[in-house]
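Step one of this worksheet: look at the structure below.
The values are calculated or read from the model by the stated rules, or taken from the named source; none is laboratory data. Given the structure is predicted, the values throughout are model-derived calculations rather than measurements. Cβ placement follows ideal geometry from the backbone for every residue including glycine, while neighbour counts extend to all protein chains displayed. Accessible surface is based on the protein model in full, side chains and every heavy atom, while ligands, DNA and RNA are left aside. Shrake-Rupley method; radii C 1.70, N 1.55, O 1.52, S 1.80 Å.
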Amino acid sequence: MSYSLLIIDPQNDFCSPDGTLYVPGAEDDCSHLASFIDVNSEKIETIHITLDCHPNYHIAHPYFWVDNSTGKNPVPFTIITYKDFLEKKFSPVDTSLRRQVENYLLSLENRGKYNLTVWPPHCLTATWGFCVEDNILNAVHKWELKHVGKNIDFIKKAANPLTEHYSAIQAEVPDPSDPSTRTNFVLIDKLKEADKIIVAGEALSHCVANTLRDLTVYIPAYKITVLVDCTSCVSGFEDEGKHFMEEFQSKGMQFEKSLNFNWI
């Protein structure tokens, strides 16, 4: 039986109380996950780590938008709908992007996942917030030293400024001209080699849930176990995490605490 560990976005901006988009409970998730890796290092065959990697000027950051009622950037956690755009409540600062923004908002809503949320700028490329949380980084580096010839597989996502990229498999609205936003079959094929995929990371309500929704199009849900004490929800989105767990538990996905993981 071969086991692959998929860690979703274990980055400082999500995992540290000092991060710009801190997920409550994430520091405990990281501690639990680091211990899990240390104790079970010999049993884990491969480790894949996804990384949010945003530019400052991004469609889900305040700087991208202007609130036409105030003339200022919208505050973080503002929701912008297609209707808001048509009524000119919000506009892109760069007016040349109006057509692309309109198409994005309409496509996003038609896909039925989320309206656009304006997040605090986070995981900006090459910043402290982009880096992997220390406990996890130390644990995976020790894993590398025990598995001579193997390296952590780091997967960057979300560099395209005109689409969100919650899922590590594909962007919310893929850009046909940008291969980085389309389906990541390289990662899918790597994960297919494992008999069992163990999943942890941040946040259950968003990037974990969306990655697994997309991944189970290609890999059966019963092959996946989510470590529930190694993932948490964005504050205010706990119901989304709960609904995801209920939906996919019924499809055969397992949800276990790290200390109770069943190594076959």
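Please work out which residue is surrounded by the fewest Cβ atoms within 10 Å (Cβ to Cβ), limiting yourself to the range 80-108 and to residues that are in contact (Cβ under 8 Å) with a residue 12 or more places away in the chain and of a type in the set (Lys, Arg). This residue is Lys88. Checking each residue in the range 64-101 for being under 24 Å from the mean Cα position of the chain (by Cα), outside any strand (DSSP E or B) and of a type outside the set (Ser, Thr, Tyr) picks out Phe64, Pro74, Val75, Pro76, Phe77, Gln100, Val101. Scanning the range 142-159 for residues that are open to solvent by 100 Å² or more (accessible area, probe 1.4 Å) and either under 23 Å from the mean Cα position of the chain (by Cα) or at pLDDT below 95 (or both) gives Val148, Asn151, Lys156. Within the range 44-59, can one find any residue that is in a loop (DSSP other than H, G, I, E, B), of a type in the set (Ser, Thr, Tyr), touching an Asp or Glu at 6+ places or on another chain (Cβ under 9 Å) and open to solvent by 40 Å² or more (accessible area, probe 1.4 Å)? Yes: one or more hits. Go through Ala126, Ala139 for me and flag whichever is among the hydrophobic types (A, V, I, L, M, F, W, C), open to solvent by 60 Å² or more (accessible area, probe 1.4 Å) and over 22 Å from Glu240 (Cα atoms). After ruling out the rest, the residue left standing is Ala126.
Within the range 2-21, is even one residue hydrophobic (A, V, I, L, M, F, W, C) and open to solvent by 60 Å² or more (accessible area, probe 1.4 Å)? For the range 2-21, residues hydrophobic (A, V, I, L, M, F, W, C) and open to solvent by 60 Å² or more (accessible area, probe 1.4 Å): absent. Looking only at the range 160-182, filter to residues that are in contact (Cβ under 8 Å) with a residue 60 or more places away in the chain and within 17 Å of Asn210 (Cβ to Cβ); which one of those is surrounded by the most Cβ atoms within 10 Å (Cβ to Cβ)? Among those that are in contact (Cβ under 8 Å) with a residue 60 or more places away in the chain and within 17 Å of Asn210 (Cβ to Cβ), it is Ala168. Restricting to the range 199-230, name every residue that is open to solvent by 10 Å² or more (accessible area, probe 1.4 Å) and polar (S, T, N, Q). Across the range 199-230, the qualifying residue is only Thr216.
Of all residue pairs spaced 6 or more apart or on separate chains, those with beta-carbon atoms under 6 Å, a first member in the range 54-69 that is charged (D, E, K, R) and a second member that is part of a loop (DSSP other than H, G, I, E, B) are Asp67/Pro74.
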